[in-house]
Amino acid sequence: MPVLQVLSTRDVNSAVVRLHLDKNVSIDLPRVSGLPLDSLEALKLEVNPPNGAECVLCGTVYHVLDGFSFISCGGLLVKLNIVAETGTTVRIGLSKSRRRERARNVSDAPAGKMTRMS
């Protein structure tokens, strides 16, 4: 899956934050996920990721409707715009997107100077 923009966040309770992302995706994340939830602008989301994601949720698809899979990750709920068979185990890798940081670094450069994007 691509990098998704964080549209809004909402506290579910003192331990869980619900992220509403573009493409009608929503994810419940524990505050101890290791991701900077209060300042997160974009999120790289991968289904069945290789090792290296900052946070990995593992869950089971419990419902599929209108092109979305609803996944329960130990009480955390995820709505993804993928179609997976009910009962399938899914791993979801989440990492802070660096794309927004690079764009911000370029726009912060003094006029007339080039900034290298790595």
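Residue count for region 20-39 satisfying the condition of being over 21 Å from ALA84 (Cα atoms) and either at pLDDT 95 or above or in contact with a helix residue (DSSP H, G or I) (Cβ under 8 Å, 6 or more places away or on another chain) (or both): 1.
When the criteria are applied in full, SER8 fails the requirement of being in contact with a strand residue (DSSP E or B) (Cβ under 7 Å, 6 or more places away or on another chain), surrounded by 15 or more Cβ atoms within 10 Å (Cβ to Cβ) and hydroxyl-bearing (Ser, Thr, Tyr). Here ALA42 clears all of (1) at pLDDT 95 or above; (2) touching a strand residue (DSSP E or B) at 6+ places or on another chain (Cβ under 6 Å) except the condition numbered (1). Among the residues of region 17-36, the ones that are hydrophobic (A, V, I, L, M, F, W, C) and surrounded by fewer than 17 Cβ atoms within 10 Å (Cβ to Cβ) come to 1 in all. Among the residues of region 53-70, those identified as in a strand (DSSP E or B), surrounded by 14 or more Cβ atoms within 10 Å (Cβ to Cβ) and in contact with a Gly (Cβ under 9 Å, 6 or more places away or on another chain) are CYS55, VAL56, LEU57, GLY59, THR60, VAL61.
Considered as a group, the residues in region 71-113 that are exposed (fewer than 14 other Cβ atoms within 10 Å of the Cβ) and among the aliphatic types (A, V, I, L, M) include one that is modelled with the highest pLDDT, and that residue is VAL83. Within region 21-52, the set of residues being within 17 Å of LYS96 (Cβ to Cβ), in a strand (DSSP E or B) and of a type outside the set (A, V, I, L, M) comprises PRO30, LYS44, GLU46.
The values are calculated or read from the model by the stated rules, or taken from the named source; none is laboratory data. All of these numbers come straight from a predicted model, not from anything done at the bench. No Cβ is skipped: glycine too gets one built from the backbone with ideal geometry, and neighbour counts run over all protein chains shown.
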